[in-house]
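This report refers to the structure that appears directly beneath it.
Read-outs throughout are calculated quantities, based only on the coordinates presented, and are distinct from any laboratory measurement. The shown structure was predicted, so the numbers you read here are calculated from the model rather than taken from an experiment. Quick reminder, even Gly has a Cβ in these numbers, built from the backbone with ideal geometry, and neighbours come from all protein chains shown.
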Amino acid sequence: MSDSTRGPTPGFLVWRLANKWRVAVDRALAPAGLTHAQYALVASLYGMQHTGERPSQRRLADHTGLEPLYVSKLARALEASGLLARARDPRDPRAVQLALTEQGLTAARQAVVIVQDLLHQLLAPLGGLDAPRTHAFTAELTTLLDVPLADPVPHDETSEGTP
């Protein structure tokens, strides 16, 4: 059986699902003035602040899985819109700590409700947010996400085309 008759690969399906959900979240959050990436930062910060943490940009990047440079760009945009405050870490002058402003806390609460409602819709085919299939799906995704990326294998152009 050739590769073309096996159907889509897991990687392709994960990529399609991630894009589909990103578009859905972007559309749902557009009236609130947030993108999916901004929501990832705002919602994560909201949860971290709720537990008393004031994370650095690096810590937030690690938490969200976003590149540190992208987190910095998003943080600057959220700061410009009044949702986030950036300050030098008193323990490490190279680090920048992030915190939601009062306006950011309000926006985060509203955005979390919007995304929770959307998740109920998106997960309905699995039985809903609290369904056993959803819990199993979440566990499988977590397993895959917990595996660190390996260093890329160098590509040797001299061996291209040889059997």
Could you sort the peptides 41-49, 5-13, 29-37, 104-112 by per-residue average Cβ neighbour count (10 Å cutoff), highest mean leading?
41-49, 104-112, 29-37, 5-13
So what is the calculated 222 nm ellipticity per residue for the chain, using -39500 (n - 2.57) for each DSSP H run with n of 4 or more, over all residues, to the nearest 500 deg cm²/dmol?
-18500 deg cm²/dmol
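Where Rh is the Kirkwood radius over the Cα pairs of the range 58-107, the temperature 10 °C and the viscosity 1.306 mPa s, what D in µm²/s does Stokes-Einstein return?
Values: Rh = 11.2 Å.
In µm²/s, the coefficient rounds to 141.
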Please report the Cα spread of the range 49-163 along all three principal axes, rounded to whole Å, starting with the longest.
62, 46, 24
If each of D62 and L129 carries a label point 7 Å out from its Cα toward its Cβ, how far apart are those two points in nm?
2.9
Hull surface over four for the Cα convex hull of the range 1-112, reported in nm², is 8.9
Taking R0 as 25 Å, what FRET efficiency do you get between S81 and R109 from their Cβ-Cβ distance, rounded to the nearest 0.05?
0.95
